[in-house]
């Protein structure tokens, strides 16, 4: 087994490690040279990708590259110094960049990987990337180990059921969230004050809705903002897809708009993902659905999003994105049990009585746990 | 027990109604559905039209006929998708009208309704759509539908 030596690395003001040693749950071998031209080229490519820049990919760590690094760090709530260390590197990967050449994106020590908080992060990340359905309890039991094995197998990693640096790096890349307390941003540094994290929306317009999109987004911000989530419109694009403006949601078994299952037309619509980064949400504004719904938040695996129709209510956008973030309805119209002051009412957001509607604490926790509420 | 407008509205107001449960209201809901189709709330009108088709009563065709004349393309789409579930003679006139609609999405769902009915008049209209519809996707859908019916996959009424 190769011996790991890792040069002392200052983790951007959070902590220092004098030495990382290889061990039974640490399979990362290569020392990262963050000054090599190949590495700098990776940084430049990554910045171009995640920030939409046009840096020259020349491997030279010049003033433009450093300035772009500072912008990225500022955007993600990291220490702003223009230097790419382990945390910024992991942040780039979490934002959708490919892993750096010849390296993982390890942040945590073996001891840190044994904490319940770390195991919860692993479970959440596996749930976000596999159909794992793990209980997020911070306990590494047989089901978690089996899911790790499945993840390693899928990603061509050493299959041992243990999360080491390479598996950790792939989980960061796949789920888009950094592990907690390992030199990455601490919770207070995660957000963009006063927000805890953000939801990035990409708006794809097939049909302009009756209620302007700006109003719907503003309504969404009025609900999500007080709960700690910054709602950003990352991009807006008009799509000319007349055949999908009226979307058939019907599944082969006759059901419709079911979590984890999509119709052929939904699959076709959700292929339109220009500009969409990792763990960002796409909202398609369409004319109508069959059967008629205000919106539908079922989406193909790995392509989170929702469809919202022309005649939706002022709160449908916020409601459907709530579903995308993992929230269920909080009441039941069949039993005349309606909570009309809540965003996730199943009785119709068109009949909300005291706008803006509420999110309760357990819903905010569920949103926090979603891989789709991302670092600033 | 009589079905009230409020009961109907309560089942259709959800952003994602459960139509199977709503259909259990039965034919007594149809007068209310017709009122909603002709009312000012376009989202409720769509849901009402679709539900009328699911209830599958002779009077459902009247509701769908009103919906097929709506100024809202989304309501007309709902008329077409509702007609797909209506197995009554009155559905043919509704689908026939919608196959000639100016909106591509209405025609798409009318093609699907025609396929399900298997009615010879509607199939003749599908034949014209195969060559004349402005939407390549609708032409392909109509062609596929006719091919499938000729292969014995459809119900001829």
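The values are calculated or read from the model by the stated rules, or taken from the named source; none is laboratory data. Predicted model, so just to flag it, every value in this text is computed and none were measured. Note that each Cβ is placed from the backbone with ideal geometry, even for glycine, and that neighbours are counted across all protein chains shown.
For segment A:352-372, state whether one or more residues are part of a loop (DSSP other than H, G, I, E, B), within 14 Å of chain B (Cβ to nearest Cβ) and free of Cβ contacts under 8 Å to residues at least 60 places away in the same chain.
Yes, because at least one residue in segment A:352-372 is part of a loop (DSSP other than H, G, I, E, B), within 14 Å of chain B (Cβ to nearest Cβ) and free of Cβ contacts under 8 Å to residues at least 60 places away in the same chain.
Going by the conditions given, is residue A:179 at pLDDT below 95, more than 14 Å from chain B (Cβ to nearest Cβ) and touching a helix residue (DSSP H, G or I) at 6+ places or on another chain (Cβ under 6 Å)?
Answer is yes for this residue.
Taking segment A:242-252 as the region of interest, how many residues are at the interface with chain B (Cβ under 10 Å from one of its Cβ atoms) and out of contact with any strand residue (DSSP E or B) (no Cβ under 8 Å at 6 or more places or on another chain)?
Of the residues in segment A:242-252, 2 are at the interface with chain B (Cβ under 10 Å from one of its Cβ atoms) and out of contact with any strand residue (DSSP E or B) (no Cβ under 8 Å at 6 or more places or on another chain).
Collect the residues in segment B:125-137 that are within 12 Å of chain A (Cβ to nearest Cβ) and surrounded by 14 or more Cβ atoms within 10 Å (Cβ to Cβ), keeping them in residue-number order.
Across segment B:125-137, the qualifying residues are B:133, B:135, B:137.
Being away from chain A (no Cβ under 11 Å), part of a helix (DSSP H, G or I), within 11 Å of the chain's Cα centre (by Cα) and surrounded by 22 or more Cβ atoms within 10 Å (Cβ to Cβ) narrows it down to one residue among B:95, B:106, B:77; which is it?
B:95
Would you check which residues across segment A:199-220 are surrounded by fewer than 22 Cβ atoms within 10 Å (Cβ to Cβ) and under 11 Å from residue A:231 (Cβ atoms) and list them?
Listed by number, the residues that qualify are A:200, A:217, A:218.
Please work out which residue is farthest from the chain's Cα centre (by Cα), limiting yourself to segment B:12-43 and to residues that are crowded, with 24+ Cβ neighbours inside 10 Å, at the interface with another protein chain (Cβ under 9 Å from one of its Cβ atoms) and not in a loop (DSSP other than H, G, I, E, B).
Among residues in segment B:12-43 that are crowded, with 24+ Cβ neighbours inside 10 Å, at the interface with another protein chain (Cβ under 9 Å from one of its Cβ atoms) and not in a loop (DSSP other than H, G, I, E, B), the one farthest from the chain's Cα centre (by Cα) is B:12.
Give segment B:44-59 a look and list any residue that's under 10 Å from the mean Cα position of the chain (by Cα) and within 18 Å of residue B:7 (Cβ to Cβ), or say none.
Selection gives B:49, B:50, B:51, B:52, B:54.
Which number in (1) crowded, with 24+ Cβ neighbours inside 10 Å; (2) more than 25 Å from residue A:252 (Cα to Cα); (3) in contact with a helix residue (DSSP H, G or I) (Cβ under 6 Å, 6 or more places away or on another chain) marks the one condition that residue A:340 misses?
Exception for residue A:340: condition (1).
Taking residue A:336 as meeting all but one of (1) modelled with pLDDT under 95; (2) within 9 Å of chain B (Cβ to nearest Cβ); (3) at negative phi, write down the number of the exception.
(3)
Could you look through segment B:80-92, keep only residues that are part of a helix (DSSP H, G or I) and crowded, with 19+ Cβ neighbours inside 10 Å, and pick out the one that is farthest from the other protein chains (Cβ to nearest Cβ)?
The extreme case among them is B:92.
Among the residues that make up segment A:254-275, is at least one of them facing chain B (nearest Cβ under 9 Å) and surrounded by 17 or more Cβ atoms within 10 Å (Cβ to Cβ)?
Yes: one or more hits.
Would you say residue A:321 is closer than 26 Å to residue A:214 by Cβ, more than 10 Å from chain B (Cβ to nearest Cβ) and touching a strand residue (DSSP E or B) at 6+ places or on another chain (Cβ under 8 Å)?
Judged against the criteria, residue A:321 is a match.
If residue B:140 meets every condition in (1) within 14 Å of another protein chain (Cβ to nearest Cβ); (2) in contact (Cβ under 8 Å) with a residue 12 or more places away in the chain apart from one, which number is that one?
Condition (2) is where residue B:140 drops out.
In segment B:109-124, how many are surrounded by 18 or more Cβ atoms within 10 Å (Cβ to Cβ) and either in a helix (DSSP H, G or I) or within 11 Å of chain A (Cβ to nearest Cβ) (or both)?
11
Buried (at least 23 other Cβ atoms within 10 Å of the Cβ), within 14 Å of chain B (Cβ to nearest Cβ) and touching a strand residue (DSSP E or B) at 6+ places or on another chain (Cβ under 9 Å), is that true of residue A:297?
Considered against the rule, which asks whether it is buried (at least 23 other Cβ atoms within 10 Å of the Cβ), within 14 Å of chain B (Cβ to nearest Cβ) and touching a strand residue (DSSP E or B) at 6+ places or on another chain (Cβ under 9 Å), residue A:297 comes out as yes.
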